[in-house]
Amino acid sequence: MEAIVSLMDFDFDQLEQEIVNLGDFSTKIYHSKDTITKSNPFFFFDFSERIINSEPDANPDFSTIYFSEIGNNKEAARDLLKWTYALERKFKRIIENTPTISQVYFNSPLQLNKLYPPYPAKFMLAPDLDLKQFNFFYEATLEYNPTKAPVWVQDIYLDPVGKGWMVSLLNPVYDQDQLLFVIGFDITLKDIVETYVNQYSKQLIIIDATGTIVAGKSRAIEALSLPPLKDHIYSHTITSDSFIPEEFNLFKSKNSLVRNMASDVILGNKLEFELTSDFDSFSGVVKKFDRMNWYLIDLSWK
């Protein structure tokens, strides 16, 4: 358990360093934006289309760009696209070199989003989304993040562009007190399971500080009287934050013994427990993560 926690903490620290470097690069190109030449593909862009480079016909070397219909400053948005064109190679390199990151993007107060790898935005996003209403934007703003430092979105939420349940690392990019945009790295729960949980034979489960499942093996999750954590099936576009349902929370388990155990672990800082019911009997060992407000639980059956 110590090895798993240490590995995740190390990897997440590397992601923080990567996103800081990307933010520093963004600031650098912002201050040199006056040197952009007319060879830049967005120099004369007119926004006749508000979605650019959408799958299935997208150029795989470039991001998909979404400019919401509620964004009314086309000149400023065009200027943003011009000087952030230099980010394309950075975005692609990060995805190619960091398997745990499923998407890299930024969201601007201008209601403009740039995301790599490209995706079928025309079929997945409503034309008038308010990007400021999503936690992957507002949790990095001064109101929530006055230090302007990288911040983890630890509440599990549903990705609007179809990647399922995920957590995100955010980094706001400022010019003095002006927020230029918020950079984001997305990590899906599926990738957390594959990278950190399924590599071991132990029956592991990760929960957050609210008792909600982050990841885990099926038997361990079902032992705690919770349904399997499966990817959400998309039937409509997402218009605002959509968090993981209460049915995946230990405090909402139909088993009172599980609810009591969750209280002992999260509120009472208990590191070991035993749970015996009419149908099952097992023990658990708990290890808390340093960086994320999460808990790793290893279940063993008697």
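ILE70 satisfies every condition listed in (1) closer than 25 Å to THR100 by Cα; (2) among the aliphatic types (A, V, I, L, M); (3) surrounded by fewer than 18 Cβ atoms within 10 Å (Cβ to Cβ) except (1). GLU75 fulfils the conditions (1) more than 18 Å from the chain's Cα centre (by Cα); (2) assigned to a loop (DSSP other than H, G, I, E, B); (3) not polar (S, T, N, Q) except for a single criterion, (2).
Please verify whether region 230-240 includes one or more residues that are modelled with pLDDT of 75 or more and in a loop (DSSP other than H, G, I, E, B). Scanning region 230-240 turns up no residue that is modelled with pLDDT of 75 or more and in a loop (DSSP other than H, G, I, E, B).
Every test in (1) open to solvent by less than 60 Å² (accessible area, probe 1.4 Å); (2) touching a Leu at 6+ places or on another chain (Cβ under 9 Å) is passed by MET292 save one, and that test is (2). Here is the figure for region 133-173: residues that are farther than 15 Å from LYS114 by Cα, open to solvent by less than 30 Å² (accessible area, probe 1.4 Å) and part of a strand (DSSP E or B) total 10. Between ASP186, ASP79, ASP130, the distinction of being open to solvent by 40 Å² or more (accessible area, probe 1.4 Å), touching a residue at least 60 places away in the same chain (Cβ under 8 Å) and at negative phi belongs to ASP130 only.
Among the residues here, PHE47 does not qualify as under 16 Å from LYS114 (Cβ atoms), buried (at least 18 other Cβ atoms within 10 Å of the Cβ), free of Cβ contacts under 8 Å to residues at least 60 places away in the same chain and not aliphatic (A, V, I, L, M).
Scanning region 111-127 for residues that are surrounded by fewer than 21 Cβ atoms within 10 Å (Cβ to Cβ), farther than 30 Å from PHE248 by Cα and not basic (Lys, Arg) gives PRO118, PRO127.
Could you list, in sequence order, the residues of region 258-269 that are open to solvent by less than 90 Å² (accessible area, probe 1.4 Å) and outside any helix (DSSP H, G or I)? Within region 258-269, just GLY268 meets the criteria. Just so you know, in region 1-60 the residues that are acidic (Asp, Glu) and not in a helix (DSSP H, G or I) include one that is nearest to TYR105 (Cα to Cα), and it is GLU55. Give the residue that is nearest to GLN103 (Cα to Cα), with candidates limited to residues of region 170-201 that are modelled with pLDDT of 95 or more and β-branched (Val, Ile, Thr). The residue in question is ILE183.
Among the residues of region 202-217, is there at least one that is among the hydroxyl-bearing types (Ser, Thr, Tyr) and either closer than 21 Å to LEU267 by Cα or at pLDDT below 85 (or both)? Yes, region 202-217 has at least one match.
Can you name the residue in region 136-169 that is among the polar types (S, T, N, Q) and at pLDDT 90 or above and, of all such residues, is nearest to ALA215 (Cα to Cα)? Looking at the filtered set, the residue picked out is SER168.
The values are calculated or read from the model by the stated rules, or taken from the named source; none is laboratory data. These numbers were taken from a predicted model, which means no experiment stands behind them. Backbone-built Cβ (ideal geometry, glycine too); neighbour counts: all protein chains shown. Calculation scope for accessible area: heavy atoms of the full protein, side chains included, ligands and nucleic acids excluded. Shrake-Rupley method; radii C 1.70, N 1.55, O 1.52, S 1.80 Å.
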